[in-house]
1. For region 65-101, which residues satisfy the criterion of being modelled with pLDDT under 60 and open to solvent by 60 Å² or more (accessible area, probe 1.4 Å)?
2. Could you please find all residues in region 22-64 being closer than 22 Å to Ala86 by Cα, open to solvent by 50 Å² or more (accessible area, probe 1.4 Å) and either in contact with a Pro (Cβ under 9 Å, 6 or more places away or on another chain) or not aliphatic (A, V, I, L, M) (or both)?
3. Just one of (1) open to solvent by 50 Å² or more (accessible area, probe 1.4 Å); (2) at pLDDT 85 or above; (3) closer than 27 Å to Val82 by Cβ trips up Arg14, so point out which.
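The values are calculated or read from the model by the stated rules, or taken from the named source; none is laboratory data. What you see is a predicted model, and the numbers here were worked out from it, not measured in a lab. Here the Cβ positions follow ideal geometry from the backbone for every residue, glycine too, while neighbour counts run over all protein chains shown. Surface accessibility is based on the protein's heavy atoms, side chains included, excluding ligands, DNA and RNA. Shrake-Rupley method; radii C 1.70, N 1.55, O 1.52, S 1.80 Å.
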Amino acid sequence: MTPPPSDRDARQARHFAQCVREAKFCAAVWIAAWVVCATIALKFGYLPPEQRPDEPWLILGMPGWVFFGVIIPWLILIGLTVWFAAAYIKDDEPCDPFPESKADTAAPTKEAAHD
């Protein structure tokens with residue numbers, strides 16, 4: 001017969017589930033961002049010589065594909081990261097309580113080690 005889960009086990013399970021949800025969100029966003037950046041770079045970053053315009057399309061001195069394929073997605077990702085950190089990530093209680101004072105964490109003395 002297995003013992004009933006303790007309060008510590010329940011906190012660990014809840015903490016682990018939250019970590020898994022956060023990791024899945026991060027992985028999904030990373031994959032989506034990679035696909036968007038890579039697609040724009042591959043589609044517009046290289047044109048065969050016969051399709052190239054005489055003057056490249058520039059935005060703020062950068063080629064258009066760099067602006068829309070790198071700069072804009074990264075700015076969106078920065079905003080998403082700030083939102084994710086501020087609103088989605090939860091501050092969970094640690095599984096082990098912190099010691100109350102420094103005396104609780106002091107190294108054992110030689111006398112205590114020999115007991």
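1. Matches in region 65-101: Asp96, Phe98.
2. Lys24, Phe25, Cys26, Trp30, listed by residue number.
3. Failing condition for Arg14: (2).
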